[in-house]
Amino acid sequence: MAALPSGKVVYEQEGVFIHSSCRKNDDQDNLMSGVLRVIEKENEVIVDWRPLDDTLDTSNILCAGKKLKKDPYTVTMGRFSKVTNYIFDSFRLSDPSTQRRPPSEMADFLNDAIPGLKINQQEEPGFEVITRIDLGKQPEVSRREPVSAEEWAKNMDAEGRILNVDYIKQSIFKGGLCHTLRKEAWKFLLGYFPWNSTKEERANLQKRKTDEYFRMKLQWKSVSEEQEKRNSRLRDYRSLIEKDVNRTDRTNKFYEGEDNPGLILLHDILMTYCMYDFDLGYVQGMSDLLSPVLYVMENEVDAFWCFVSYMDQMHQNFEEQMQGMKTQLIQLSTLLRLLDSGFCSYLESQDSGYLYFCFRWLLIRFKREFSFQDILRLWEVMWTELPCQNFHLLLCCAILESEKQQIMDKHYGFNEILKHINELSMKIDVEYILCKAEAISMQMMNCKELPQAVSEILGMESSSVTPDSDNGEDESGAMLNCPTSLYQSISTPVIAANGTRDSTQQMSETQSLTPA
């Protein structure tokens, strides 16, 4: 057998099986186990596979089907990052034309690097062919100032109950929260505090939850070194958590420096979550979801239970079969096709139709795409669950639609699309994208011929909603689960869709939304 090519090994994976037959079959006798390596050598990138048993004759191997054996928990983020980093690194060399592998080959490489994410839309339940529909012009959308502590307090009765939950949610959706209010309001938005609870009831809840938290924390704190030697899963969880904590938001003052108390809390909460949900345990990426929550709460117990609530929403993203990610990518493709079928066709022509470049956006809810402060704003808006279900998918559509012109005008291929999307990180205007996503939602909800698949994704019972109607019902009787007529009419200074602030423009007032 030929010697291993010289050069730098940038990617290596044992337990990659290939078929020794070119015919489609699952016969285990036709599988050969080996090692896959990606090797950089001067101006060349080599993908090398060789069997573990070097006495085997591999000359008759006609086609390969890579099968990653490693636990998908540990590769959900890590594998994707390694592959995309490898792709992006190839662009940093002097002559890009000598670095790029054929797009179809790179697409296969990326598909195999994310276990379980090979999507066949025709086999997925709920798949529907979307024909071209005229959605009309996107409406102008404006945003208001963040909800202030004074406005929040005025909407609370003497016992601490929220008087008008709809008004508060609409206000948060349209403007977010001032930072001093987040510590209290996020507990409601995430479901830790019931919206109809009194101040006394919330205090009693916190007391019970504090006891429960420290009982779970004691479980892993009391495990001896000898016990841990016989518990490989706990060892693996601890190892992953320690690695991730040491590289999570270290430029943020709350987590910077050595022996930072914020890092200790981050570690302890994630370890305790393993006791709360041992089946899931810890998966890379979860520290990204916890970090902003802990930063806002500044309290170990409150941060833990808010994180638990957030993970209830995000759980499927991190499960072994990754069904949550698979479903979201299909739903995003469905929405984008309705919004711009031409752009979808272009992406498909460049082996990018599965939208895998949005994987990181969906997995950790844009955490690495926006600045830390912008993520606080974005998440609290999404947690209102307005103006429809799956608003985060419309945020993806808004970003992609904003970048469509450049991608198509410059004829970007598979490699260039990956590189371009990756380089958007920290360059996206959060207020502009929120305006655009809301405009897209209104555009779709106003459509009289909305496909059933889109209606289901957006949480609509039928085909469309007329936002201006008094009861949220259109001529055909269609209803939206989250009434859109409410969030469109809140009085405050606003930010226009181009991101600029207009102090003279006011949105109309609606008496029904004014706190009693």
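The values are calculated or read from the model by the stated rules, or taken from the named source; none is laboratory data. Here the structure is a predicted model, which means the values were calculated and not measured. Methodologically, a virtual Cβ is constructed for each residue, glycine included, from the backbone with ideal geometry; neighbour enumeration extends over all protein chains shown. These accessible areas exclude ligands, DNA and RNA; they are computed on the full protein's heavy atoms, side chains included. Shrake-Rupley method; radii C 1.70, N 1.55, O 1.52, S 1.80 Å.
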Item checked: Modelled FRET efficiency - R0 45 Å, Glu159 with Lys427, Cβ distances, 0.05 increments -> 0.45
Notebook entry, point to check: In the stretch 357-435, which GluC sites (Glu not before Pro) fall in coil by DSSP and have 11 or fewer other Cβ atoms within 10 Å?
Noted result: Glu423
Next item on the list: Tell me which residues come under 5 Å, amide H to amide H, from Arg144 once H is placed; ignore anything under 5 positions away on its chain.
Entry: Gly175, Ile495
Checklist line | Using θ = phi - 60° and Karplus 6.51 cos²θ - 1.76 cosθ + 1.60, couplings along the stretch 200-206 (whole Hz; Gly, Pro as x) | finding: 5, 5, 5, 5, 5, 4, 4
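Suppose every K and R has +1 on its Cβ and every D and E has -1 on its Cβ; what is the size of the dipole of the stretch 158-317 about the Cα centre, in Debye to the nearest 20?
Working: 23 positive and 25 negative charges, 54 e Å.
Using only the charged Cβ atoms, the result is roughly 260 debye.
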Checklist line | Per-residue SASA entry for Ser425, accessible area with 1.4 Å probe, Å² rounded to 10 | finding: 30 Å²
Notebook entry, point to check: Can you give the accessible area of His267, probe radius 1.4 Å, in Å² rounded to 10?
Noted result: 30 Å²
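Below 8 Å, C-alpha to C-alpha, sequence gap of six or more: please give me the relative contact order for the stretch 315-354 in percent. Intermediate results must be reported in sequence, preceding the final value.
Working: 20 pairs, mean separation 10.4, N = 40.
For the stretch 315-354, the relative contact order is 26 percent.
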Checklist line | Residues whose placed amide H lies under 5 Å from that of Gly160, excluding near-sequence neighbours | finding: Lys199
Check: What does a probe at Glu298 reach in the stretch 167-197, counting residues whose amide N is under 16 Å from the point 7 Å along Cα→Cβ?
Finding: 178-187
Next item on the list: Any chance you could count the Lys pairs in the stretch 323-458 whose alpha carbons are under 26 Å apart, treating pairs 8 or more apart or on different chains as valid?
Entry: 19
Next item on the list: Give the peptides 188-197, 297-306 in descending order of average Cβ contacts within 10 Å, highest first.
Entry: 297-306, 188-197
Notebook entry, point to check: Check Val283: other-chain or 5+ apart residues with amide H under 5 Å from its amide H, H built from backbone geometry?
Noted result: none
